[in-house]
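Written below as structure tokens is the structure these notes are about.
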Amino acid sequence: MNRYFVSSYQKVGTFRVVDGEKTGGNVASYFCLPDGSVLHVVAGPADAATLLREARWVVDTRKLAMTESKGNYARYKAFFRKAHAERLRKEHNLDLDTQRMKDTFSLASFSNQAIDRRGQRRQLGTQGQVHWLLASDPLVKIEEVYSTVFEKILGEKVSTLPVLEK
């Protein structure tokens, strides 16, 4: 992990500590470019093997995207759109019209447009929703997407409240 990534964290939700045990809250692991463009997200708690598998996917996909795009940002972005759409199709049995999504998607309407209107959210777990989101809006900046992931995919509330101890 340290060879390819820099680890960081930011608390965006709150939780309670009751009798020394954490209750509530959630986690999302982001794989980003130095400018904050999100390549991938692991939504929710993940064991070490899962996190490592997803990290390897990001590294391999990025290397291939760099080779295929030959320095063209639009092709690089299209490569990641296709990569997330492919995982959505293979792992979650959902085939997307990525061109239509490219033309109509916005983060503000994620829950209504991408999920409720098409009736697909009930069929997708958190990772399926992540692939849907990133196939719709690849390389979105982390500051633009973290609240969507935390609130609409993980079902938590973004909060600046401190950790509560009882």
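DSSP loop (so not H, G, I, E, B), at most 16 other Cβ within 10 Å: list which GluC sites (Glu not before Pro) in region 62-94 pass both filters. Please report the intermediate quantities before stating the final value.
On the way: sites: 68, 86, 91; in loops: none.
The qualifying sites: there are none.
When the listed pairs 90/157; 63/141; 82/152; 82/141 are checked against a 27 Å cut-off, the alpha-carbon distance exceeds it for 90/157. Over region 47-98, all Cα pairs binned in 5 Å intervals from 0 give whole-percent P(r) values of 5, 19, 22, 22, 20, 9, 3, 0, listed from short to long. Under 5 Å between amide hydrogens, built in the peptide plane, is the criterion, and for residue 39 it picks out 31, 32, 33 among residues at least 5 positions away or on other chains.
Only the coordinates and a few stated rules stand behind these numbers; no lab work does. It should be emphasised that the depicted structure is a prediction, and the values quoted were computed from it without experimental measurement. Cβ coordinates were reconstructed from backbone atoms using ideal geometry, including for glycine residues, and neighbour counts include every protein chain displayed.
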